[in-house]
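Supplied in structure tokens, the structure appears directly below.
The values are calculated or read from the model by the stated rules, or taken from the named source; none is laboratory data. Note that the structure is a prediction, hence the values are computed from the model and not measured. Counting neighbours? That spans all protein chains shown, and the Cβs are built from the backbone with ideal geometry, glycine included.
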């Protein structure tokens, strides 16, 4: 959200004093940036992939090395971070689902050699 807020502040400061077309373009840009940020926050895997893709597109669009690093890399790194966060969260949910699933508990009860020991005295 800080990334989107920073971009919004920059765009608003840039369009002050511009004719109405500048405000329309600035509002569309802010809407896009906030859509990326909220999308990545709500759906980390999909939003992170889209954010990283937009960052890679911006990397190819800019011709200045400073612009590439300063403007594209935050989107790429945040996108990859959200992608990783979504993968970790999905893995955690799968583990919880498997642990709560009755078939998983039944299979460990049917195979005592696979089931964990009950304590230090269990043989």
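Just to be sure, is residue 69 in a helix (DSSP H, G or I), surrounded by fewer than 18 Cβ atoms within 10 Å (Cβ to Cβ) and either out of contact with any strand residue (DSSP E or B) (no Cβ under 7 Å at 6 or more places or on another chain) or in contact (Cβ under 8 Å) with a residue 40 or more places away in the chain (or both)?
Details: in a helix (DSSP H, G or I): yes; surrounded by fewer than 18 Cβ atoms within 10 Å (Cβ to Cβ): yes; either out of contact with any strand residue (DSSP E or B) (no Cβ under 7 Å at 6 or more places or on another chain) or in contact (Cβ under 8 Å) with a residue 40 or more places away in the chain (or both): yes.
In short, yes.
For residue 64, indicate whether it is touching a helix residue (DSSP H, G or I) at 6+ places or on another chain (Cβ under 7 Å) and either modelled with pLDDT under 85 or under 16 Å from residue 3 (Cα atoms) (or both).
So residue 64 fails the test.
Read through the list (1) surrounded by fewer than 17 Cβ atoms within 10 Å (Cβ to Cβ); (2) in contact (Cβ under 8 Å) with a residue 12 or more places away in the chain; (3) out of contact with any helix residue (DSSP H, G or I) (no Cβ under 6 Å at 6 or more places or on another chain), then give the number of the only condition that residue 50 fails.
(1)
I've got another one for you. For region 23-37, does any single residue satisfy the condition of being under 13 Å from residue 82 (Cα atoms), exposed (fewer than 14 other Cβ atoms within 10 Å of the Cβ) and touching a residue at least 24 places away in the same chain (Cβ under 8 Å)? Give the steps one after another, and end with the answer.
The first filter runs over region 23-37 and keeps only residues under 13 Å from residue 82 (Cα atoms), leaving 36-37.
Add one more test, that the residue is exposed (fewer than 14 other Cβ atoms within 10 Å of the Cβ), and what stays is none.
Scanning region 23-37 turns up no residue that is under 13 Å from residue 82 (Cα atoms), exposed (fewer than 14 other Cβ atoms within 10 Å of the Cβ) and touching a residue at least 24 places away in the same chain (Cβ under 8 Å).
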